[in-house]
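J.: One structure is given below, represented as structure tokens, and several questions about it will come after.
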Amino acid sequence: MASVTQYAFQGPKRGADRAVLLAHGAGADMNAAALTVVADALAKAKVPSLRFNFPYMSKGRGGPDRPPVLLAAVREAAAELAKQAKVAPDRIVLGGRSMGGRIASMVAADADDPLPALGLVLLGYPLHPPGAPEKARVEHLPRVRVPTLFVSGTRDSFGSPDELKAAAKKVKGKVSWYWIETGDHGFKPLKAGGSTPAAALTAAAEATVEFVISL
């Protein structure tokens with residue numbers, strides 16, 4: 001058991017027909033701005049969401065848990081969201097930031113026991129470690145069969161637009177894109193572009209809400 005104990009539920013507790021799970025990245029917890037801004041936008045649209053901490057973050061450890069623990073934590077958190085939002089498991093959009101989104105997509109694409117999902121929201125999908133494109137994390141993508149939104153910065157060192165588009169061709173579900181112009185892996189844009197980190201996060205949140213409502 002993953003033993004996820006720290007949750008943050010937002011939005012209506014009844015009457016919704018869908019809900020969104022938001023898993024955090026490797027170096028930040030469930031209160032990272034990239035997740036809270038999205039959760040706030042979803043709440044305004046009357047879409048419930050749930051953020052949670054992976055066990056290693058709750059315990060104050062530096063590095064992420066092993067994959068089986070991370071995968072189990074997503075399943076546990078999804079069940080908690082279905083319970084709190086009073087929606088069926090297959091009405092949940094799975095996703096999250098960087099590592100969290102990748103783990104969510106792996107759970108949805110599990111070869112033996114895929115977790116039901118309405119769709120996937122991948123905020124800064126970490127396609128490969130910076131400078132190591134040969135280590136692409138794509139093995140499970142051919143088993144992704146639900147609508148998938150990729151939100152990514154155009155100068156993300158974890159995967160360029162061309163690399164992400166090529167990898168996403170493996171996804172069997174419909175793929176949607178939202179690009180943060182000049183954004184890095186954390187969506188921070190270049191000052192010369194005239195945007196700000198806050199504006200970039202707001203745009204990412206709006207794109208997420210639009211995608212979730214469209215499903």
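J.: What does the net charge come to around Lys188 if you take all other residues with beta carbon closer than 14 Å to its beta carbon, with K and R at +1 and D and E at -1?
T.: That works out to 0.
J.: I'd like the trypsin sites (Lys or Arg not before Pro) in segment 20-65 restricted to DSSP loop residues with at most 16 other Cβ atoms within 10 Å, sorted by number.
T.: Within segment 20-65, the qualifying trypsin sites (Lys or Arg not before Pro) (loop, at most 16 other Cβ atoms within 10 Å) are Lys46, Lys59, Arg61.
J.: 222 nm [θ] for the chain, helices only, -39500 (n - 2.57) per DSSP H run of 4+, per residue, to 500?
T.: -10000 deg cm²/dmol
J.: Between Glu80 and Ala136, what is the spin-label point distance in nm, taking each point 7 Å from the Cα along the Cα→C-beta axis?
T.: 3.5 nm
J.: So, in nm, how far is label Lys59 from label Ala166 when the simple model puts each one 7 Å beyond its Cα toward the Cβ?
T.: Computed distance between label sites Lys59 and Ala166 equals 3.8 nm.
J.: Given the options Ala34, Leu122, Gly11, identify the residue whose Cα lies farthest towards the positive end of the charge dipole of the chain (+1 on Cβ of Lys, Arg; -1 on Cβ of Asp, Glu).
T.: Gly11
J.: Over 18 Å apart: what share of the alpha carbon pairs of segment 76-165 falls there, rounded to a whole percent?
T.: The share of Cα pairs beyond 18 Å in segment 76-165 comes to 44 percent.
J.: Cα-based Rg of segment 62-109 per 2.2 N^0.38 Å, rounded to two decimals?
T.: For segment 62-109, the normalised Cα radius of gyration comes out at 1.15.
J.: Considering only DSSP beta bridges with both partners in the chain, what is the antiparallel share in %, to the nearest 5?
T.: 15 percent
J.: Now a separate question. For every other residue with a beta carbon closer than 9 angstrom to the beta carbon of Ala200, add +1 if it is Lys or Arg and -1 if Asp or Glu, then tell me the sum.
T.: 0
J.: Need one number: convex hull volume per residue for segment 7-214, Cα atoms only, in Å³.
T.: 109 Å³
J.: How large is the translational diffusion coefficient of segment 108-215 in µm² per second when you combine the Kirkwood radius over alpha carbon pairs with Stokes-Einstein at 4 °C and 1.567 mPa s?
T.: Once the numbers are plugged in, D ends up at 90 µm²/s.
J.: Would you mind computing Rg(Cα) / (2.2 N^0.38 Å) for segment 3-81, counting N as its residues?
T.: Rg over 2.2 N^0.38 Å, computed on Cα atoms: 1.08.
J.: Between Gly96, Pro142, Ala82, whose Cα lies farthest towards the positive end of the dipole of segment 7-214 when Lys and Arg beta carbons carry +1 and Asp and Glu beta carbons carry -1, centred on the Cα centre?
T.: Comparing the listed Cα positions along the dipole, Ala82 ranks first.
J.: So how far, in whole Å, is the C-alpha centre of segment 119-184 from the one of segment 1-65?
T.: 21 Å
Read-outs: derived from the displayed coordinates by stated rules, not from any lab. Keep in mind it's a predicted model, so treat the numbers as computed, not measured. Using ideal geometry, Cβ is built from the backbone for each residue, glycine included, and neighbour counts are taken over all protein chains shown.
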